Amino acid sequence: MAGLVVTASVLVVGLLLAAYGTVSHNRWGINLQPVTCPYCHAAIPHVRKPKSLREALWGGRTCEKCGGVMDKWGRQIKT
Ligand SMILES: [Zn+2]
């Protein structure tokens with residue numbers, strides 16, 4: 001029973017984080033909007049292959065045209 005409560009709490013916290021992150025555009029959010037490259041303004045394909053652990057964990061893209069790195073909201077990331 002305790003395990004169920006813990007699982008439910010983690011789920012609720014995760015949902016709240018995702019909801020808040022989506023509104024405030026932080027790393028917990030979920031971006032369903034198309035993204036363009038902040039460097040060369042090329043459209044970034046929605047299907048992605050993570051090129052680094054950070055991209056796998058937090059989303060974010062690497063532009064196939066210019067190699068620019070951005071977060072899932074299409075903002076520049078300094079590497
Ligand atoms: Zn680019």
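All of the numbers you see were taken from the coordinates with simple rules; none came from a lab. Bear in mind that the values here come from a model prediction, so they are computed numbers and not experimental data. Quick reminder, even Gly has a Cβ in these numbers, built from the backbone with ideal geometry, and neighbours come from all protein chains shown.
Restricting the range 11-69 to residues that are more than 12 Å from the chain's Cα centre (by Cα) and among the aromatic types (Phe, Trp, Tyr) leaves a set whose member that is farthest from the ligand (Cβ to nearest atom) is TYR20. Taking the range 49-79 as the range and being among the basic types (Lys, Arg) and surrounded by 15 or more Cβ atoms within 10 Å (Cβ to Cβ) as the test, the residues that pass are ARG54, ARG61, LYS72. Given GLY14, GLY29, which one is touching a residue at least 12 places away in the same chain (Cβ under 8 Å), out of contact with any Pro (no Cβ under 6 Å at 6 or more places or on another chain) and small (Gly, Ala, Ser)? Checking each option against the conditions leaves just GLY29. Can you tell me which residue is surrounded by the fewest Cβ atoms within 10 Å (Cβ to Cβ) among those in the range 28-44 that are of a type in the set (Val, Ile, Thr) and out of contact with any Ser or Thr (no Cβ under 8 Å at 6 or more places or on another chain)? The qualifying residue surrounded by the fewest Cβ atoms within 10 Å (Cβ to Cβ) is THR36.
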